[in-house]
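Chemist: This is the structure I have questions about; it appears just below.
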Amino acid sequence: MKALFLGGVAADTYAGIEAELPAGLDSVVVGEPIDRAKLPQAAIDTDILVSNHWRADYPPAPKFRLVQSVATGVELFDLAALPKGCVVCNSFGHETAIAEYVVMAMLALHHRFFQISGEFREHGSWATSWVQSGTPHGEVRGTTLGIVGYGRVGREVARRAAPFGCRILAANRSPRERDQEVERIYPLAELDQMLPQCDTVAICTALGPETTGLITARRLALMKPTAFLINIARGQVIDEDALFAALRDNRVGGAAIDVWWQYPNQDDPARRGSRYPFHELPNTIVTPHNSGWTAGMVRRRWDEIADNIGRYCRGDSLINLVTTV
Amino acid sequence: MKTLFLGGLAARVAPRIQARMTEKIEPSVLAELTDMQRLIPALAEAEIVVGHIWNKDFPEAPRLKLLQAATAGVDMIDLPSLPRGIALCNVYGHEPAIAEYVLMTMLALNFRLLDTVTDFRAGSWAAHQPAGGSPHGEIFGKTLGIVGYGRIGRDVAKRAASFGCKVIAANRSPVADQGDAVEIYLLAELDRMLPQCDALLVAAGLAPETQGLIDARRLALMKPTALLINIGRAAIVDEEALYTALKGNKLGGAALDVWWRHWSPAHPDERPSRYPFHELTNVLMTPHCSGFTDGTADRRWGDLAANLDRFVRGEPLNNIVMRT
């Protein structure tokens, strides 16, 4: 049995789980930057691919049976380039960290934290204090949180937001059983009914045909002008032009953006996350796609990946199955 | 019933309190506490005073029966100089807002939010995983210790528990309602609690037992990665010791909403401490506004008005701090 760990994240994963891998497994690591010259030999007789991608122009890999993604999203695997019958599994472990980020961002936006702490730190300004009787800030108690994509992350967000006294709504592609934290789960087709009710909208959905470009200019206009938008899913779920214009013109209250429409690459390592200067907007919290990037996430994810490789080698049923090619 | 709204805060909120009352009072308003010419006659006839300050040199208030503080803290009321036979009441309503602030800052410190956002705004992807950034922390599984376990502490504990935090607490008096805290220490046993904490929340009132409670020795009992969040009163924490610990990375970070120096009209731009906390990147700082939300104002002035109504009707009062 042979496994190929391909790319930087997979190489780190290998280092983290080496001791947990089955004794008979022959592992090859091709880290970052990927040495194309090593790929033909590494791919030709490999059973298990551990990576975050597989490209159409990569050499033949006829024996792939398990493709184990080191990420939750599998959109960088070209399924057409994978052999028929191979199963694609993903990995999680990030729900905890991302749910913490979503609640943190929701609190920081409602409490106008960046504005208040920035003015106090830089200018010693007490303008927002009791002492000065400035303008009070908001709180999340009694507000309505709408979660778009009610999967693992969405449920963890709801569990944490409920004790704050938030009313929680959700929308999901497939029917979900309602748990006690959520007042109502809308089908994604009825998203337009949910949006006008929300004081915070958290995008927690996977990227797929139904969610690409889901949050359009029209849907942003359905939101309250004071509502906050949080995106920890994928940039492409939201229309880039429309969101920038809405934030710039204060047609929504603000946003926290962790995922972007474009990323740095070898040709442009300093590339910004968008064609628009979101980083200049005072009502927008911007982070470099690191909401889930915690030591706890890494450990939980490595454990899942090692577990699944062990299951495959023993012939046991797999976890986190996404699709069979 | 002659009711005096005394001091800047009470004077500002007097119309909102009266608007919520059902009973009739005879209100008067005096914002300036040092205006003795007006203060002497006003206190001579007041039966109710609404305010949060009572100075040692105040004139006689022979008809006073109720001093209704417009704040939760009564540390600006000189208790020994209060007239005999009155009830001192306070107000709350800020607990949910402050609990939100505590969770927000605890999350933000673990996430290194200020640094991350500042760097990313400047164009750096350093915190991004493929860029080799180091991971940040979670609050899941962390131990939160709360000093002063009252209403705010319980509201914090309820929210922190849903994040998978272990909540422990220390309190001056025995705690009747433990809420979501799993262990309660006496304040005298604080030294046993401190080494366990990944975050320490100071939510106590200022009193002789809490003044200077968190000193250099106790800060040294904490983990070098631990966070300190103070929404109680600044004087509970030793100013110099905290600054020194944070600057020397003997603590992981702090979120401070209460300060050793406060704003005053004479010194509007004065920094809130003798030490430059604002130069430390592991410190989140806010100008005593953690509880200052629309929601707090609604709850607080509603509760205060209801207590005045109760007094006018001769019904039992809420939130009695003490009777003199």
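The values are calculated or read from the model by the stated rules, or taken from the named source; none is laboratory data. Since this is a predicted model, take the numbers as computed values, not measurements. Don't worry about glycine lacking a Cβ; one is built from the backbone with ideal geometry, like all the others, and counts go over all protein chains shown.
Chemist: Restricting to segment B:253-277, count the residues that are in contact with a strand residue (DSSP E or B) (Cβ under 8 Å, 6 or more places away or on another chain) and at pLDDT 95 or above.
Modeler: Here the count works out to 7.
Chemist: Filtering segment B:292-314 down to residues that are touching an Asp or Glu at 6+ places or on another chain (Cβ under 8 Å) and not polar (S, T, N, Q), which residue is farthest from B:V117 (Cα to Cα)?
Modeler: B:R313
Chemist: Taking the options A:V30, A:V67, name whichever one is under 23 Å from the mean Cα position of the chain (by Cα), in contact (Cβ under 8 Å) with a residue 12 or more places away in the chain and buried (at least 19 other Cβ atoms within 10 Å of the Cβ).
Modeler: A:V67
Chemist: Residues that are part of a helix (DSSP H, G or I), within 14 Å of another protein chain (Cβ to nearest Cβ), surrounded by 22 or more Cβ atoms within 10 Å (Cβ to Cβ) and β-branched (V, I, T): does segment B:90-98 have at least one?
Modeler: Within segment B:90-98, the subset part of a helix (DSSP H, G or I) is B:95-98.
Now drop any that are not within 14 Å of another protein chain (Cβ to nearest Cβ), which leaves B:95-98.
With surrounded by 22 or more Cβ atoms within 10 Å (Cβ to Cβ) added as a condition, the list becomes B:96-98.
When the remaining residues are screened for being β-branched (V, I, T), the result is B:98.
Yes, segment B:90-98 has at least one match.
Chemist: If we keep just the residues of segment A:222-235 that are away from chain B (no Cβ under 14 Å) and within 22 Å of A:Q193 (Cα to Cα), which is surrounded by the fewest Cβ atoms within 10 Å (Cβ to Cβ)?
Modeler: Top of the filtered list is A:P225.
Chemist: Hey, another quick one. I need the full set of residues from segment A:262-283 which are surrounded by 19 or more Cβ atoms within 10 Å (Cβ to Cβ) and either more than 10 Å from chain B (Cβ to nearest Cβ) or within 20 Å of A:L214 (Cα to Cα) (or both), in order please.
Modeler: A:G273, A:F278
Chemist: Give segment A:244-266 a look and list any residue that's out of contact with any Ser or Thr (no Cβ under 9 Å at 6 or more places or on another chain) and of a type in the set (A, V, I, L, M, F, W, C), or say none.
Modeler: Going through segment A:244-266, the residues out of contact with any Ser or Thr (no Cβ under 9 Å at 6 or more places or on another chain) turn out to be A:245-246, A:248-251, A:263-266.
Within segment A:244-266, A:A245, A:A246 qualify.
Chemist: Is it true that some residue in segment A:104-127 is without any contact (Cβ under 8 Å) to a residue 24 or more places away in the chain, surrounded by fewer than 18 Cβ atoms within 10 Å (Cβ to Cβ) and polar (S, T, N, Q)?
Modeler: No, segment A:104-127 contains no residue that is without any contact (Cβ under 8 Å) to a residue 24 or more places away in the chain, surrounded by fewer than 18 Cβ atoms within 10 Å (Cβ to Cβ) and polar (S, T, N, Q).
Chemist: Can you work out which of the residues in segment A:159-170 that are touching an Asp or Glu at 6+ places or on another chain (Cβ under 7 Å) and within 21 Å of A:D192 (Cβ to Cβ) is farthest from the other protein chains (Cβ to nearest Cβ)?
Modeler: Ranking the candidates gives A:L169 first.
Chemist: Okay, moving on. Looking at A:E75, is it of a type outside the set (S, T, N, Q), surrounded by 17 or more Cβ atoms within 10 Å (Cβ to Cβ) and either within 30 Å of B:L103 (Cβ to Cβ) or not assigned by TED's automatic domain parsing to the domain that holds A:V153 (or both)? Working first, answer last.
Modeler: Working: of a type outside the set (S, T, N, Q): yes; surrounded by 17 or more Cβ atoms within 10 Å (Cβ to Cβ): no; either within 30 Å of B:L103 (Cβ to Cβ) or not assigned by TED's automatic domain parsing to the domain that holds A:V153 (or both): yes.
Considered against the rule, which asks whether it is of a type outside the set (S, T, N, Q), surrounded by 17 or more Cβ atoms within 10 Å (Cβ to Cβ) and either within 30 Å of B:L103 (Cβ to Cβ) or not assigned by TED's automatic domain parsing to the domain that holds A:V153 (or both), A:E75 comes out as no.
Chemist: Taking the stated definitions as given, is B:A19 of a type in the set (A, V, I, L, M) and either in contact with a Gly (Cβ under 7 Å, 6 or more places away or on another chain) or surrounded by fewer than 18 Cβ atoms within 10 Å (Cβ to Cβ) (or both)?
Modeler: Values: of a type in the set (A, V, I, L, M): yes; either in contact with a Gly (Cβ under 7 Å, 6 or more places away or on another chain) or surrounded by fewer than 18 Cβ atoms within 10 Å (Cβ to Cβ) (or both): yes.
In short, yes.
Chemist: Also, I was wondering about something else. May I ask you to verify whether A:G254 is buried (at least 18 other Cβ atoms within 10 Å of the Cβ), away from chain B (no Cβ under 11 Å), of a type in the set (G, A, S) and more than 27 Å from A:E32 (Cα to Cα)?
Modeler: Judged against the criteria, A:G254 is a match.
Chemist: Residues that are closer than 24 Å to A:R301 by Cβ: find the helices (runs of 4 or more DSSP H) completely inside segment B:105-197 holding 3 or more of those.
Modeler: Here the list reads B:113-121.
Chemist: Of (1) in contact with an Asp or Glu (Cβ under 8 Å, 6 or more places away or on another chain); (2) closer than 30 Å to B:R12 by Cβ; (3) in a loop (DSSP other than H, G, I, E, B), A:L107 satisfies all except one. Which?
Modeler: (3)
Chemist: Then there is this: Could you tell me how many of the residues in segment B:112-130 are within 8 Å of chain A (Cβ to nearest Cβ), over 12 Å from A:G273 (Cα atoms) and polar (S, T, N, Q)?
Modeler: Going through segment B:112-130 one residue at a time, the tally reaches 2.
Chemist: Of everything in segment B:198-209 that's of a type outside the set (D, E) and assigned to a loop (DSSP other than H, G, I, E, B), which residue is nearest to B:V102 (Cα to Cα)?
Modeler: It comes out as B:A203.
Chemist: Looking for something in contact (Cβ under 8 Å) with a residue 40 or more places away in the chain, among the hydrophobic types (A, V, I, L, M, F, W, C) and part of a helix (DSSP H, G or I) - is there at least one such residue anywhere in segment B:77-87? Working first, answer last.
Modeler: Going through segment B:77-87, the residues in contact (Cβ under 8 Å) with a residue 40 or more places away in the chain turn out to be B:79, B:82-87.
Adding the requirement that they be among the hydrophobic types (A, V, I, L, M, F, W, C) leaves B:79, B:82, B:86-87.
Narrowing further to those that are part of a helix (DSSP H, G or I): B:79.
Yes.
Chemist: Would you say A:T323 is surrounded by fewer than 19 Cβ atoms within 10 Å (Cβ to Cβ), closer than 28 Å to A:Q68 by Cα and of a type in the set (S, T, Y)?
Modeler: Working: surrounded by fewer than 19 Cβ atoms within 10 Å (Cβ to Cβ): yes; closer than 28 Å to A:Q68 by Cα: yes; of a type in the set (S, T, Y): yes.
Yes: the conditions hold for A:T323.
Chemist: Still on this model: Taking the condition more than 8 Å from chain A (Cβ to nearest Cβ) and surrounded by 24 or more Cβ atoms within 10 Å (Cβ to Cβ), does B:D155 pass?
Modeler: yes
Chemist: Being more than 16 Å from A:S291 (Cβ to Cβ), surrounded by fewer than 23 Cβ atoms within 10 Å (Cβ to Cβ) and in contact (Cβ under 8 Å) with a residue 60 or more places away in the chain is the filter here; which residues of segment B:104-140 pass it?
Modeler: Selection gives nothing.
Chemist: Would you check which residues across segment A:284-293 are within 7 Å of chain B (Cβ to nearest Cβ) and part of a loop (DSSP other than H, G, I, E, B) and list them?
Modeler: Selection gives A:T287, A:P288, A:H289, A:N290, A:W293.
Chemist: Pairs only if they're at least six apart or on different chains, beta carbon under 8 angstrom, first in segment B:262-285 and under 16 Å from B:R233 (Cα atoms) and more than 10 Å from chain A (Cβ to nearest Cβ), second exposed (fewer than 11 other Cβ atoms within 10 Å of the Cβ) and at pLDDT 90 or above; list them, first residue then second.
Modeler: That search, which allows pairs on different chains as well, returns nothing.
Chemist: Over 30 Å from A:Q193 (Cβ atoms), touching a strand residue (DSSP E or B) at 6+ places or on another chain (Cβ under 9 Å), surrounded by fewer than 22 Cβ atoms within 10 Å (Cβ to Cβ) and in contact (Cβ under 8 Å) with a residue 24 or more places away in the chain, is that true of A:A81? Can you show your working first?
Modeler: On the way: over 30 Å from A:Q193 (Cβ atoms): yes; touching a strand residue (DSSP E or B) at 6+ places or on another chain (Cβ under 9 Å): yes; surrounded by fewer than 22 Cβ atoms within 10 Å (Cβ to Cβ): yes; in contact (Cβ under 8 Å) with a residue 24 or more places away in the chain: yes.
Yes.
Chemist: Scan segment B:102-111 residue by residue and report those that are at the interface with chain A (Cβ under 7 Å from one of its Cβ atoms) and not small (G, A, S).
Modeler: Within segment B:102-111, B:L103, B:M104, B:L107, B:F111 meet the criteria.
Chemist: If you don't mind, there's one more thing I want to ask. Go through segment B:244-258 and give me each residue that's touching an Asp or Glu at 6+ places or on another chain (Cβ under 9 Å) and surrounded by 21 or more Cβ atoms within 10 Å (Cβ to Cβ).
Modeler: none
Chemist: Has segment A:274-287 got any residue that is modelled with pLDDT under 95, over 18 Å from B:D119 (Cβ atoms) and not hydroxyl-bearing (S, T, Y)?
Modeler: There is no residue in segment A:274-287 that is modelled with pLDDT under 95, over 18 Å from B:D119 (Cβ atoms) and not hydroxyl-bearing (S, T, Y).
Chemist: Which members of segment A:115-158 meet the condition of being among the aliphatic types (A, V, I, L, M) and facing chain B (nearest Cβ under 7 Å)?
Modeler: Going through segment A:115-158, the residues among the aliphatic types (A, V, I, L, M) turn out to be A:116, A:127, A:131, A:140, A:145, A:147-148, A:153, A:157-158.
A:I116, A:V131, A:V140 - these are the residues of segment A:115-158 that are among the aliphatic types (A, V, I, L, M) and facing chain B (nearest Cβ under 7 Å).
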